[in-house]
Each structure stands twice: as C-alpha cells, then as structure tokens.
1. Going by what's in this entry, would residue 10 be described as assigned to a helix (DSSP H, G or I) and more than 60 Å from the chain's Cα centre (by Cα)?
2. Between 90, 72, which is closer than 30 Å to residue 152 by Cβ and polar (S, T, N, Q)?
3. Pick from the range 138-149 the residues that are of a type in the set (Gly, Ala, Ser) and part of a helix (DSSP H, G or I): which of them is modelled with the highest pLDDT?
4. May I ask you to list the residues in the range 41-80 that are buried (at least 17 other Cβ atoms within 10 Å of the Cβ) and touching a Ser or Thr at 6+ places or on another chain (Cβ under 7 Å)?
5. With the checklist (1) part of a helix (DSSP H, G or I); (2) modelled with pLDDT of 85 or more; (3) surrounded by 10 or more Cβ atoms within 10 Å (Cβ to Cβ) in hand, flag the one item residue 152 doesn't pass.
6. Give me the residue from the range 69-117 that is of a type in the set (D, E, K, R) and modelled with pLDDT under 85 and, out of that set, farthest from residue 44 (Cα to Cα).
7. Do we find that residue 19 is assigned by TED's automatic domain parsing to the domain that holds residue 146, over 60 Å from the mean Cα position of the chain (by Cα) and aliphatic (A, V, I, L, M) in this structure?
Amino acid sequence: MDISTFAILAAVVLGVITAMSWVVRSLIVICLPNEMVVVTGRKRRTSDGQEVGYRVLHGGRTMRIPLIEKVSRLDLTTIPIEVGVQNAYSKGGIPLFVQGIANVKISGREPISDNAVERLLNKPFEEVMQIAKDTLEGNLRGVLATLTPEEVNEDRLKFANFLIEEADEDLKKLGLELDTLKIQNVTDEVKYLDSIGRQKTAEILKLARVAEATRSSESEQAEAGARQAAQVASLQADLRITEESNRLRVRKAELEAEALAREAEAQVAGEKARVVAEQALQQERIGLEQRRLEADVMLPAKADRDAAEQRAKGVAATIAEDGRARLMVLEQTIKLYQSAGSEAERIFILNMLPEIIRDISGTVGKMSIDKVTVIDSGNGATGVGKAAGQLPSAIIQITEQIEAATGVNILSRLQQAKPIEAPPA
C-alpha cells in the first residue's frame, strides 16, 4: 500500500468519524436550566391518560429520532414588562394614568407548561412580551374600576396585590407566571389627586395652626402652672429642709445616746472579758500546778510503789522458789532416809553433827585467849603432854554435852553402827 492510498483511507476514516460525531451530537438533546425543551413528532400518553404529540424536557438530556422528531426550545428567563394605562376610570368615574413594572416568564411547571407549549411555542420573544403586556393592562383596568383614586394612590401595595390576583389566572392560561409587580406612578388629567392633596394640605395647615394656638395656650398655662408649682415646690422644699433638719438633730441626739450606751456596754463587756480571761488564766494555772504536782510527787510515788511491788514480787518469788527448793531437798532427804532403813538415824546424826559441834564450839570461840602458858609440875610428865592428853577428855565432854542436848550418845551409836551401804540407784 503506497502513501497516497493510506492518506485517502485515513481521510475517509476521519470523515466517517466526524460525520458520526455530528450525527450523534444532532441526535442528543441537552436542556439548560433556564429553558424548556419540547420534542415533537410522536404521540405520547401523559400521566392523566391523555395523548399528546410532544414531550417536555426540564433540564438534563434526551435522544431524538432523526427525521421523525423535532426539537423546540422555550426560554424561561424573566421578562421585564412596562405596564401603563391612560384614562382608566376608577371607582367614582375619575380617569387615572397608572405606570408600573412587571416581571413575567414562561412557566416551566406542569400543567402550566403544557399551556405554554400549546400557546407560545416558536413565538418570537417580542410577541410573547406583547401578549403578557396586553393581558396585564387589561387586568389593570379591571382592578382600577373597583378602587377609588385614594385607595390606588395611598395603598399601592394593596393595589398591586389585587392586580396580581386578577392577572395570575389569565397568565397561567397563557403558560406565563407573574413573579413581581410594582406600581411606580399614579396621576390623573383632571387634577383630582392634586385637589385631594391640596385639600389635605389645607386641612393639615389648619390643624397645624389650631394645634399651634392650642400648644401656645397650653404652653402659657403650663408656664403659669410651672411658676406656681415652682413656688409651691420652693415652699415645700423649705418645709422639707426644716423637717429634715429637725429629724437630723433628733437622729444625731439618738445616735449620741446610742453611742454612749454602746460605749458603756463595751466597757462592761471589756471588764467582763477581762474577768473571764483571768478566770481562764487561773484555771490554766491550777491545771499547770496539778500537772506539776503530779509530775513531781504523784508520778515518782507511783513509780516507787510500782518498784516496791515489783521488788516484793521478786522477794516473794525468791522465797517461794527457795521454799520449793528446800521442800524438794527435804523430800529427797526423806526418801534417802526411808531407803536407808535402820541406818537412817546414824545418817541423820552424822549430818547434824557438824552443826551441833559448830554451835557448841561457838560458845568457846567467843572467848578471847591471848596466851596459853603450860607449867611443868615435876612429877615426870611434861606440861605439853598433859595438854595433849586433855584432848580426848575434851572430846568426851563434847559428846556428853551433845548427849545432854539431844539424848543421843554419839560414840555408842558409832560403835554399834555397821558399814553403810549405798542405796540402790
């Protein structure tokens, strides 16, 4: 394939794509927010069961069938219309000239939009404006016939509301909506409104002069009354000043008496407080002395008493323990004597012998001997021998003393005694 053939094919493909795009664009219908699209050419059934030869699109998009359906557009933009009537007779036969401004648009709401489709489709903008203007002017004349010039001129808002109510139904039948209506000017060629104005002006001036005279008279009366009231007020003020001065002196005397009474009360209260404070101080001193006495006398006495009790308890415990120990020793001794049998008396004597000898010899021990002199008698025996020979007789004398004291002859007991056998363990 050469370059020329490729270029031709590319041109053909591009032309086909462009044609298809144009065809698709021509088949797609887009509705803007400020317009209403009417697609005609096929019959459709509405929601109420009627058959119509069109369909209405309020915004969005749709597809049309080529060669069968046709697309028309209705502009929903508000249309400002100047409304004016001349020689419109009002109630009472007074011709008036009224000027106003109205804002009208094609309605996009059902079922009013159906009226717009049937009556205004494909009409020029100027023709639609003229239809709306003629309708409003006709309604304006009808409303003026029911109102007096005074009502039209004085209450224009009420007049505009009557006109809107009158024109609304007619405009809806045409597929139009009246957004606003304002009355700008109301005049008449016979100067009726001017006469009414001059009359009212004269009445107002008359009322003003009467009011001025009345106000002047009232002002003079008020001024005289004010002067009289001022004099009375001055006298009353002087009287009030005198009364207030008297009240002030009385109140001052009362306050002085009250101050003196409170001063006396304060002195009494101070003296009473001083006495109470002194009593409290004495009570504190008594309590302090009691605590000092308790610390210096009672607590040491109590401590000594507790210590004496503890010492007594200790001595008693020692005595009790000593008694229990002696009792145990005595019990063991008794058991030993009982086990010794006939030798128990000998054992008892032998045990008691040291104490008896100690007691007897103690009487001799109290004697003080500074010097002992032995004299030889010359009979063949020396003095020392005699002194030594006296020891057995001394022992015999001691045993005799023991026998006299206890009734037991120790020497005979010892001679009769047998060897002591140890008790069985």
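1. Here the answer is yes, as residue 10 does meet what is asked.
2. Just one listed residue meets the conditions, 90.
3. 138
4. Listed by number, the residues that qualify are 54, 56, 69.
5. (2)
6. Looking at residues that are of a type in the set (D, E, K, R) and modelled with pLDDT under 85, I get 91.
7. No; evaluated as a whole, the condition is false for this residue.
Residues are listed down the side, and each one gets a yes or a no for (1) at pLDDT below 70; (2) within 60 Å of the chain's Cα centre (by Cα); (3) more than 23 Å from residue 89 (Cα to Cα); (4) outside the structural domain of residue 161 (by TED's automatic domain parsing):
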| residue | (1), (2), (3), (4) |
| --- | --- |
| 182 | no, yes, no, no |
| 186 | no, no, no, no |
| 198 | yes, no, no, yes |
| 210 | no, no, yes, yes |
| 215 | no, no, yes, yes |
| 218 | no, no, yes, yes |
| 221 | no, no, yes, yes |
| 224 | no, no, yes, yes |
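The values are calculated or read from the model by the stated rules, or taken from the named source; none is laboratory data. Predicted, not measured: the structure shown is a model, and the values here were computed from it. Glycine also receives a Cβ, built like all others from the backbone with ideal geometry; neighbour counts cover every protein chain displayed.
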